[in-house]
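K.L.:
Structure incoming, see below.
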């Protein structure tokens, strides 16, 4: 696997901060996230192994960043297969592999190269339009690929793009004031 592989799932979306759009076999969430060491520790506090892995992987002072997250989930069971964290300091994306028997998800994190790829939000939208099936397969969501209807998914992606751009602009404006 490319990138960094963790045995802990990414921090779950905050329901009251996430707008979900139905897209046939998928639900796509848009969330503005402000990640800090305290919230991450609280997320994994109930599982000593996960908390230890978080602390081992964390930079000095802990992980802190913010930006738009786009969550690509199975509409039937809610499992998140892909996440695009369009963060200010360390943008990245996740392949969140489902594992058998309820074991923790394999969380494959790939750093985004803004120099090579430009704006991550624009890149993300383009990946959703052109590479969604391949990325779902890479994350263990091959069973969803046959159920993708791009006549349904395409308009949802248009709406994801608009919502994500609006959320990002609103938070940047609020910070600039």
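Each reported figure results from applying straightforward, stated rules to the coordinates on display, with no laboratory input. What you see is a predicted model, and the numbers here were worked out from it, not measured in a lab. Here the Cβ positions follow ideal geometry from the backbone for every residue, glycine too, while neighbour counts run over all protein chains shown.
K.L.:
Between residue 171 and residue 41, what is the label-point separation in nm under the 7 Å Cα-to-beta-carbon projection?
P.N.:
Result for the modelled spin labels: 2.2 nm.
K.L.:
Next question, about the same structure. For a quick check, take a GNM of the chain with Cα springs below 10 Å and name the residue from 84, 112, 63 with the largest mean-square fluctuation.
P.N.:
63
K.L.:
Pull out a ≥ b ≥ c, the square roots of the eigenvalues of the alpha-carbon gyration tensor of segment 51-111, then state rounded if a/c is under 1.5, prolate if not and a/b is larger than b/c, and oblate in the remaining case.
P.N.:
oblate
K.L.:
Under the classification rounded if a/c is under 1.5, otherwise prolate if a/b is larger than b/c and oblate if not, where does segment 27-137 fall, given a ≥ b ≥ c as square roots of the Cα gyration tensor eigenvalues?
P.N.:
oblate
K.L.:
Can I ask one more? Taking other Cβ within 10 Å of each residue's Cβ, how do 16, 76 sort, fewest first? Display every interim value, and only then the final one.
P.N.:
On the way: 16 6, 76 12.
In order of increasing Cβ crowding within 10 Å: 16, 76.
K.L.:
For residue 133, project a label point 7 Å along Cα to C-beta. Then give me every residue of segment 1-43 with its amide nitrogen under 20 Å of that point.
P.N.:
Answer for this model: 23-28.
K.L.:
Please identify, among 98, 147, 27, the residue showing maximal mean-square fluctuation in a Gaussian network model of the chain using a 10 angstrom Cα cutoff.
P.N.:
Ranking 98, 147, 27 by mean-square fluctuation puts 147 first.
K.L.:
Neighbouring Cβ atoms within 10 Å as the yardstick, rank 135, 120, 150 fewest first.
P.N.:
150, 135, 120
K.L.:
Here's something else I'd like to know. For a footprinting-style exposure proxy, rank 72, 152 by other Cβ within 10 Å, fewest first. Each step should come with its number before you reach the end.
P.N.:
Working: 72 27, 152 13.
Arranged by neighbour count, lowest to highest, 72, 152 become 152, 72.
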